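Presented below is the structure to which this report refers.
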Amino acid sequence: MQIASLILSMLLMLTLGCHGKNPRVLFETGLGDITVEVYEKQAPGTAANFLRYVDESRFADMSFYRVVRVDNQTNPVEIAVIQGGLGFDDHPQRLPAIAHETTEATGIRHENGTISMARMAPGTASSEIFICVGEQPELDFGGKRNPDGQGFAAFGKVIQGMDVVHKIHQQSAEKQMLKPIVKINRVLRSER
């Protein structure tokens, strides 16, 4: 009886563990694959927006097109990131902008490998994302990279492929724009 109870408890824990798992998204690029874990519970609005782009295949034209590093920025508050999405022009797959979820509200900091939403003013984030290369506290709430002090909406982290992120970060660029861009061949949910 105790063995059956133990087995039942273990099965229950495994079942609950599977349902509590964070979604993972795979970016397949010509330079290698990047897998991110999405923190739905901590950043529900931002995560839902990103996963909608993934699930509705809205990132079919996605690329990494921008790198910010020491040798190409004029802002005295330096950061290091790669940025991608549907680009700066109007795109038919772009969804409306979402409400801004600050790092103060979510607790997700801009650490090495953090994925976050690019934006102009708070509440303008939509389809553009960036991945941090190294610790980037100036992108958190209260940071000085953006004059409004609201920081950026982090919603997950790279769990595989930081070597690819570094490779993209070192590609040739004119000012901050990659020449050529790094095309993302597929963006899909992953079990890896």
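Each value in this text was obtained by applying a stated rule to the coordinates, not by laboratory testing. In this text, all values refer to a predicted model and were calculated from it rather than measured experimentally. Virtual Cβ from ideal backbone geometry, glycine too; neighbours counted across all protein chains shown.
Summary table below
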item	result
Lys, Arg +1 and Asp, Glu -1 on Cβ, resulting dipole of region 87-140 about Cα centre, debye, nearest 20	140
Eligible lysines near K183 by straight Cα distance, threshold 28 Å, same-chain separation 8 or greater	K157, K167, K175
Neighbour net charge for E135 - beta-carbon separation under 14 angstrom, K R +1, D E -1	-1
³J(HN,Hα) computed for each position of region 107-121 - Karplus, 6.51 cos²θ - 1.76 cosθ + 1.60, integer Hz, glycine/proline x	x, 8, 8, 7, 9, 4, x, 5, 9, 8, 8, 6, 7, 9, 7
Cut-off under 5 Å, modelled amide H: who pairs with T29 long-range	I34, N185
Net charge of Cβ neighbours under 13 Å - reference R94; Lys, Arg +1; Asp, Glu -1	-3
For region 177-191, Karplus couplings with θ = phi - 60° (6.51, -1.76, 1.60), whole Hz, Gly/Pro x	9, 4, 10, x, 5, 9, 5, 9, 6, 8, 10, 8, 5, 9, 9
³J(HN,Hα) computed for each position of region 162-170 - Karplus, 6.51 cos²θ - 1.76 cosθ + 1.60, integer Hz, glycine/proline x	4, 4, 6, 4, 5, 4, 5, 4, 9
Rounded to 10°, Cα long-axis angle of helix 2-19 versus longest principal axis of the chain	20
Mean ellipticity per residue at 222 nm, deg cm²/dmol - from DSSP H runs of n ≥ 4 across the chain, formula -39500 (n - 2.57)	-6500 deg cm²/dmol
Unit charges on C-beta of K, R, D, E only; dipole of the chain, Debye	260
For peptides 57-67, 83-93, sequence by mean Cβ density within 10 Å, most packed first	57-67, 83-93
Label corresponding to P(r) over Cα pairs in 5 Å bins from 0, in percent when calculated from the structure given, among [x] 1, 8, 16, 20, 19, 15, 8, 4, 3, 2, 2, 1, 1, 0; [y] 1, 8, 13, 13, 11, 8, 7, 6, 5, 5, 4, 4, 4, 3, 3, 2, 1, 1, 0, 0; [z] 1, 7, 12, 17, 17, 14, 13, 10, 5, 2, 1, 1, 0, 0, 0, 0	[x]
